[in-house]
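Enquirer: Have a look at this one before I ask anything.
Values quoted throughout were computed directly from the atomic coordinates according to the rules given, and no laboratory measurement underlies them. Just so you know, these numbers come straight off a predicted model, no measurement behind them. In this analysis, Cβ positions are derived from the backbone assuming ideal geometry, glycine residues included, and neighbour counts consider all displayed protein chains.
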Amino acid sequence: MATDKDDFTAIFTELYPGLCRFLDCLLGDNSAAQDIAQESLLRLYRYGAQRLPRGEIRFWVYRVARNLAYNEISKSSRQVRLLERVIALFRPQSAQPSNPEAELVAAEETGLLRELLKNLPADQRTALLLREMEEMSYQQIAAVMGVSESKVKVDIFRGRSLLRERWQAHKRRPINIDQLKKRHRG
Amino acid sequence: MNCEWHDRVSALIDGELSAAAAAETRAHIAHCPQCSDAEREFLRLRDEIKAYQRDPDPVTMKRALNTILVSGHRPLWRREVALPLPAIALITLLAFAGGALSIRYLTPAAPVPEEARPAAPRIKDAGGEPPTELLRYDGGARAAILVRKRAR
C-alpha cells in the first residue's frame, strides 16, 4: 500500500536532510549516506506511511536506515582519507578570511571529528549521533536501535568518553601549519 | 583516573536524570574539577557534532524524491506479501493435506489378483425359469453382472 504522494513529499522534505547528515557521520561516506537515506524513505513509501502513527514515522525510518547502514559497515571497510574530507569540508566563511591559518585548523578539526567518530564502535557511534544530531531521548534511541535504555545510556557515555580521550590526545599534538598548507596546496 | 560520577554527568547533560538525581549530580560537579571538565568537554563535543552541516543540495534532494515516487509503485505480482508465521504453517499444512487426499482418490485401485477374488455366488434355480448364470463379475468389489440365457 503506497503512501499518498503529497503526504509523502512533506515527510520526505522533513526527514531526508537530517537522515543524510546522520548517515554521513555514521558511515563517513556522503554518497553511501544519500543512497541509504533514499532507500529508507522508499521503503516507507512502499510500506505506507498512513499505516504508522504520525509520531512513529521518524523512528521507523531511522530504524530502517540504521539497519541498512550496519549492513553497509559490515560489508566494506574503507580507508577514509582525511585530506579529501578536509578539502571537501573546507569552505571560506567570508570572501576574505581574517585568519586563514585558523580556518585550516578548524577544517582539520571538523574532518578529524568525523574521523574520530568513525573509529568508535558502531553502537556507540549510532547512539551518540542520534542523541546529539537528532536530539532523541534514550527511550527513542532504544526503540530505533532495538536495544534496552540502559545499553543506550552506557553506549552514549562510553562513546563520549572515548571521543573526548582521542580528541584530547590529538590536541596535545601541535599542528604544523606549514604541513597543513602544503597538503591543501598539493 | 576518571571520577565515577562521569556517567551521571553524561546522563545529566542529556536530561535523562530525575530531578533528585540531577540536583545531586550538579552538587557533585560544583566540587569536583574532573566532573566539571568532563561536563564542559562533553558539551563542547556536542556543539562540534551539531556544527557539522552537510545538507544535501536541492537538486540531489529533488532527484531522490522523484526516484522514490516513480519506483515506489510496483505491479501486483511484484509486491511483497507479509504473512504471519501461523498463517504460513496453516497454508503449508492444507497444501500437504490436499496433496495427500488427491493422491488417495485420483489413483486407480489396483486390480485384485484372481486367487484373492471371492468365489462366484451360486444362484438357486427359481423353478421353471431358465437357470441364471453369473457369467462375469468384477471380483465382488462393486457389481455382479447377471446374464439370462435365452431359452432354446
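Enquirer: With each pseudo-label sitting 7 Å past Cα toward Cβ, what's the A:ARG63-B:GLU24 distance in nm, one decimal?
Expert: It is 3.3 nm.
Enquirer: Just want the ordering: B:ILE13, B:ILE91, from fewest to most Cβ atoms lying within 10 Å of their own Cβ. Walk me through the numbers on the way to the answer.
Expert: On the way: B:ILE13 18, B:ILE91 11.
Ranking B:ILE13, B:ILE91 by Cβ neighbours within 10 Å, fewest first, gives B:ILE91, B:ILE13.
Enquirer: Going by how many other Cβ atoms sit within 10 Å of their own, how do A:THR126, B:THR25 line up, fewest first? Working shown, then result.
Expert: On the way: A:THR126 27, B:THR25 20.
Ascending Cβ contact count within 10 Å gives the list B:THR25, A:THR126.
Enquirer: Once you've got the Cα coordinates, tell me which of A:LYS5/A:LYS118; A:LYS118/B:LYS62; A:LYS5/A:LYS151; A:LYS153/B:LYS62; A:LYS151/B:LYS62 are over 32 Å apart.
Expert: Over 32 Å Cα-Cα: A:LYS5/A:LYS118; A:LYS5/A:LYS151; A:LYS153/B:LYS62; A:LYS151/B:LYS62.
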